[in-house]
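See structure below.
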Amino acid sequence: MSKLTVRQLDRAIKEGIPTRLSDGNGLQFTLPKKGEAYWVYRYTDMHGKRREITIGKYSHMPLVEARVEASKMKLSQHKGADPLLEKRRAEYVDINCCDSLFNDWYETDLVKRLKHSNIPKRVYQKDISPIIGLIPVAKVNPLDIRKVIDTVVQSGRATVANDTLMYMKQLFRHAIKLGLTTINPAASFTIHDAGGIEESKDRILTVEEISKAFTIFRENISSFGYDNYYACCLFLMLGVRKSELCEAKWSEFDMDSAVWNLPKERIKTGAPISIPLPIQAIKLFQVLKVRAGYSEYVFPPRRASGKLHMGSDTLNRAITKLFGHEAGRKVQPENKMGDLKHFSVHDLRRTFRSLAAMLRINGEVAERCLNHKLKGVEGIYNRHDYFEERKEAHQKIADFIEPYLQLN
């Protein structure tokens, strides 16, 4: 195939007839129906697909320079790189590793699409970033993905392992969309490689189990921690979600009126709620206020971790440790809970609902205590907040469980 000449190209432009002329080595001169003539590099990628890259306009890049650029791309291809991906990477110079990829995904997609975008962000920062955060996007391989999953599984968090895998698959789909890689290294993994099929959760503590569990908490208070103990007491009295209490700010509380005003930004349903506080809860919060010192958070971190409040896994880790399992340790602690079946913080919220039923508290009132939206037509037309009824319900439950918690 003969090489192109400058005279030949200038004549083609003068004639103005749309054409494509090959110079060999993948370089092609293209004259469209409208617009300026430009250079294209054409090649076959590692998957056998035909691809092409616009190198530049003919008016800005003469024939000799176009040949140099095509030669560079050809050399890059011989070294195993994909010229098109390399060009797109250059356009996203700030996305040079998985951390910057996540930041782009978070800002351009998650924040706009998810009501609680902080959840995948927390999972990424805690479990994914420490292992692959600084690795260039295109260099992450399935072994890296397996290491992330295995680390989470070994910590005893099967559900989080499944979530972690899901977020990694989505993260690298975002990378493919940006042209930063052509392969999703997490694609071949399934939940069987992570936390497995999750069983339905219906753990509820009986009154006897509440008594036994909180007795063991108190017997091991030096290791379990007073803040953890008070938090568990409050979960049983208030039935709130873990993040709602662990991330609570003092500015949300009106102690004079005995009300906790939870803003919509911190609630899963996006619906704000004012929680009436029973007498016992007020006393616990007064103690926690002293323990918090100058912190704006009810539960500030007890270690210099850089966090503003108690970590999302702190309570569950403390409870699990009493059951004889501590993540990251070869020698596991003694099981202090005996034959008591394992439970988590969320099971205390579920137990609150069970106590409400046992104490014959109206079902709609109990659901509103949990800040659940009422279903069906009832949820559309019944806008009553049941504040006074919820106040009575919380106090009734607090009075019932107080002897088992021994708060004095």
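The values are calculated or read from the model by the stated rules, or taken from the named source; none is laboratory data. These figures come from a predicted structure and were not determined experimentally. Using ideal geometry, Cβ is built from the backbone for each residue, glycine included, and neighbour counts are taken over all protein chains shown.
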Looking at (1) in contact with a Ser or Thr (Cβ under 9 Å, 6 or more places away or on another chain); (2) part of a loop (DSSP other than H, G, I, E, B), find the lone condition where Gly80 falls short. (1)
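Here's the yes/no breakdown for (1) more than 15 Å from Pro300 (Cα to Cα); (2) at pLDDT below 95:
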{"residue": "Glu209", "(1), (2)": "yes, no"}
{"residue": "Phe217", "(1), (2)": "yes, no"}
{"residue": "Gly225", "(1), (2)": "no, yes"}
{"residue": "Leu236", "(1), (2)": "yes, no"}
{"residue": "Gly239", "(1), (2)": "yes, yes"}
{"residue": "Lys242", "(1), (2)": "no, yes"}
{"residue": "Leu245", "(1), (2)": "no, yes"}
{"residue": "Asn261", "(1), (2)": "yes, yes"}
{"residue": "Lys264", "(1), (2)": "yes, yes"}
Of the residues in region 40-59 that are over 14 Å from His78 (Cα atoms) and aliphatic (A, V, I, L, M), the one that is modelled with the highest pLDDT is Val40
Quick one: count up the residues across region 262-295 that are under 27 Å from the mean Cα position of the chain (by Cα), assigned to a helix (DSSP H, G or I) and among the aliphatic types (A, V, I, L, M). 0
Scan region 280-287 and tell me whether some residue there is in contact with an Asp or Glu (Cβ under 7 Å, 6 or more places away or on another chain) and closer than 21 Å to His346 by Cβ. no
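Table: residues versus (1) surrounded by 14 or more Cβ atoms within 10 Å (Cβ to Cβ); (2) of a type in the set (Ser, Thr, Tyr).
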position: Tyr106; (1), (2): yes, yes
position: Arg113; (1), (2): no, no
position: Ile119; (1), (2): yes, no
position: Pro136; (1), (2): yes, no
position: Lys169; (1), (2): yes, no
position: Gly179; (1), (2): yes, no
position: Ala194; (1), (2): yes, no
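Any chance region 24-33 includes a residue that's surrounded by 12 or more Cβ atoms within 10 Å (Cβ to Cβ), among the polar types (S, T, N, Q) and in contact (Cβ under 8 Å) with a residue 12 or more places away in the chain? Spell out the reasoning first.
Residues of region 24-33 surrounded by 12 or more Cβ atoms within 10 Å (Cβ to Cβ): 24-31.
When the remaining residues are screened for being among the polar types (S, T, N, Q), the result is 25, 28, 30.
Retained after the next criterion (residues that are in contact (Cβ under 8 Å) with a residue 12 or more places away in the chain): 25, 28.
Yes.
Between Phe343, Phe299, Phe352, which is modelled with pLDDT of 95 or more and surrounded by 13 or more Cβ atoms within 10 Å (Cβ to Cβ)?
On the way: Phe343 fails: modelled with pLDDT of 95 or more; Phe299 fails: modelled with pLDDT of 95 or more.
None of the other options fit; the residue is Phe352.
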Against the definition (of a type in the set (D, E, K, R) and over 30 Å from Arg390 (Cβ atoms)), how does Glu244 come out, yes or no? no
Close pairs (6 angstrom Cβ cut-off, 6 or more residues apart or separate chains): assigned by TED's automatic domain parsing to the domain that holds Tyr386 in region 258-286, modelled with pLDDT of 95 or more and among the hydroxyl-bearing types (Ser, Thr, Tyr) anywhere: Leu284/Tyr230
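Looking for whichever is of a type in the set (Lys, Arg) and outside the structural domain of Phe352 (by TED's automatic domain parsing) here; the options are Arg173, Arg218. Which one fits?
The conditions single out Arg173.
Could you check, for region 122-129, whether at least one of its residues is out of contact with any Lys or Arg (no Cβ under 6 Å at 6 or more places or on another chain), of a type in the set (Gly, Ala, Ser) and free of Cβ contacts under 8 Å to residues at least 60 places away in the same chain?
Taking region 122-129 and keeping what is out of contact with any Lys or Arg (no Cβ under 6 Å at 6 or more places or on another chain), we get 122-129.
Filter once more, so that each one left must be of a type in the set (Gly, Ala, Ser): 129.
Restricting the remaining residues to those that are free of Cβ contacts under 8 Å to residues at least 60 places away in the same chain gives 129.
Among the residues of region 122-129, at least one is out of contact with any Lys or Arg (no Cβ under 6 Å at 6 or more places or on another chain), of a type in the set (Gly, Ala, Ser) and free of Cβ contacts under 8 Å to residues at least 60 places away in the same chain, which makes the answer yes.
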